[in-house]
Every structure is written in structure tokens, then in C-alpha cells.
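*Asks:* Got a structure for you, written out below as C-alpha cells; questions coming shortly.
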Amino acid sequence: MHVFSFADAQIRLDAQTDARAANQLLAALNVYQIAEDPLLLSGHTFSPDRDNPKRVLHRWPDATYEPGHMCHNPFGIWRLGA
């Protein structure tokens, strides 16, 4: 997403999290960011539709890759909460 100047997104998977549903949710958030260019802040909520519960967004710096690495996202990461 850093190519589009947006934060990446992630969900922590646990035993109760369906990986396919989590992937669809992250894809919906990424498309929403690109298509709508919304002002998102930590504490805002997101849901792709009425049938899914809203998830709280938390913005964090990208600690997955070091600055200077080609995959580092200087725009950070959205962590989707419960």
C-alpha cells in the first residue's frame, strides 16, 4: 500500500479468526482507502458492510521492515481490533 501512499493493514489471527474472512476484510479496507481516500484516524471503526461487525482501527509504525528496506511502509500499519 505504500506505493499508493497508504498504510498497510493487518489482523492478528487466533483460533477463532477465520483466515479467509480476515483476508477479505483487509482487502476491503485496502480498496476503501484507494477508492475513497478517507481521513482515517486511530480509534475510527471500519466494516465492509452491514453484516460484519465494526472493527476498531489502530495506526502503528511499520516495524515489520526496517526503514530503507523496499517493503518498509513509511505510512504505517492499520491494526484491526475486535
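Only the coordinates and a few stated rules stand behind these numbers; no lab work does. Here the structure is a predicted model, which is why all the values come from computation and not from measurement. With ideal geometry, Cβ positions are generated from the backbone for all residues, glycine too; neighbour counts draw on all protein chains shown.
*Asks:* Just need a number here: residues in segment 23-82 that are among the aliphatic types (A, V, I, L, M) and either surrounded by 15 or more Cβ atoms within 10 Å (Cβ to Cβ) or touching a His at 6+ places or on another chain (Cβ under 6 Å) (or both).
*Replies:* Adding up the residues that qualify gives 8.
*Asks:* Out of all the residues in segment 30-64, which are polar (S, T, N, Q) and within 15 Å of Gln10 (Cα to Cα)?
*Replies:* The first filter runs over segment 30-64 and keeps only residues polar (S, T, N, Q), leaving 30, 33, 42, 45, 47, 52, 64.
Listed by number, the residues that qualify are Asn30, Gln33, Ser42, Thr45, Ser47, Thr64.
*Asks:* Out of Asp14, Asp37, Asp18, Asp8, report the one residue that is at positive phi and acidic (Asp, Glu). Before you say what the answer is, go through the steps one by one.
*Replies:* Numbers: Asp14 fails: at positive phi; Asp18 fails: at positive phi; Asp8 fails: at positive phi.
The match here is Asp37.
*Asks:* Can you name the residue in segment 47-82 that is of a type in the set (D, E, K, R) and more than 11 Å from the chain's Cα centre (by Cα) and, of all such residues, is farthest from Ala21 (Cα to Cα)? Working first, answer last.
*Replies:* Residues of segment 47-82 of a type in the set (D, E, K, R): 49-51, 54-55, 59, 62, 66, 79.
Adding the requirement that they be more than 11 Å from the chain's Cα centre (by Cα) leaves 49-51, 54, 62, 66.
Working: Asp49: 13, Arg50: 15, Asp51: 12, Lys54: 14, Asp62: 23, Glu66: 29 Å.
Among residues in segment 47-82 that are of a type in the set (D, E, K, R) and more than 11 Å from the chain's Cα centre (by Cα), the one farthest from Ala21 (Cα to Cα) is Glu66.
*Asks:* Same structure, new question: Contact list please: Cβ distance under 7 Å, first residue in segment 18-44 and closer than 17 Å to Gly81 by Cβ, second residue among the β-branched types (Val, Ile, Thr), pairs at least six apart or on different chains.
*Replies:* Correct list of pairs: Ala22/Ile11; Leu25/Ile11; Leu26/Ile11; Gly43/Val56.
*Asks:* Taking the conditions exactly as written (touching a helix residue (DSSP H, G or I) at 6+ places or on another chain (Cβ under 7 Å) and either in a loop (DSSP other than H, G, I, E, B) or at negative phi (or both)), does Pro74 satisfy them or not? Walk me through it before giving the result.
*Replies:* Working: touching a helix residue (DSSP H, G or I) at 6+ places or on another chain (Cβ under 7 Å): yes; either in a loop (DSSP other than H, G, I, E, B) or at negative phi (or both): yes.
Against the criterion (touching a helix residue (DSSP H, G or I) at 6+ places or on another chain (Cβ under 7 Å) and either in a loop (DSSP other than H, G, I, E, B) or at negative phi (or both)), Pro74 qualifies.
*Asks:* Which condition from (1) surrounded by fewer than 11 Cβ atoms within 10 Å (Cβ to Cβ); (2) in a loop (DSSP other than H, G, I, E, B) is the one that Arg20 breaks?
*Replies:* Arg20 satisfies all of (1) surrounded by fewer than 11 Cβ atoms within 10 Å (Cβ to Cβ); (2) in a loop (DSSP other than H, G, I, E, B) except (2).
*Asks:* Tell me whether segment 48-61 contains one or more residues that are at negative phi and part of a helix (DSSP H, G or I). Reasoning before the result, please.
*Replies:* We begin by selecting, within segment 48-61, every residue at negative phi; these are 48-61.
In the following step, the residues that additionally are part of a helix (DSSP H, G or I) were identified as none.
The answer is no, given that none of the residues of segment 48-61 is at negative phi and part of a helix (DSSP H, G or I).
*Asks:* For Leu13, all conditions in the list (1) among the aliphatic types (A, V, I, L, M); (2) surrounded by 10 or more Cβ atoms within 10 Å (Cβ to Cβ); (3) part of a helix (DSSP H, G or I) hold save one; what is the number of the exception?
*Replies:* Among (1) among the aliphatic types (A, V, I, L, M); (2) surrounded by 10 or more Cβ atoms within 10 Å (Cβ to Cβ); (3) part of a helix (DSSP H, G or I), Leu13 violates only (3).
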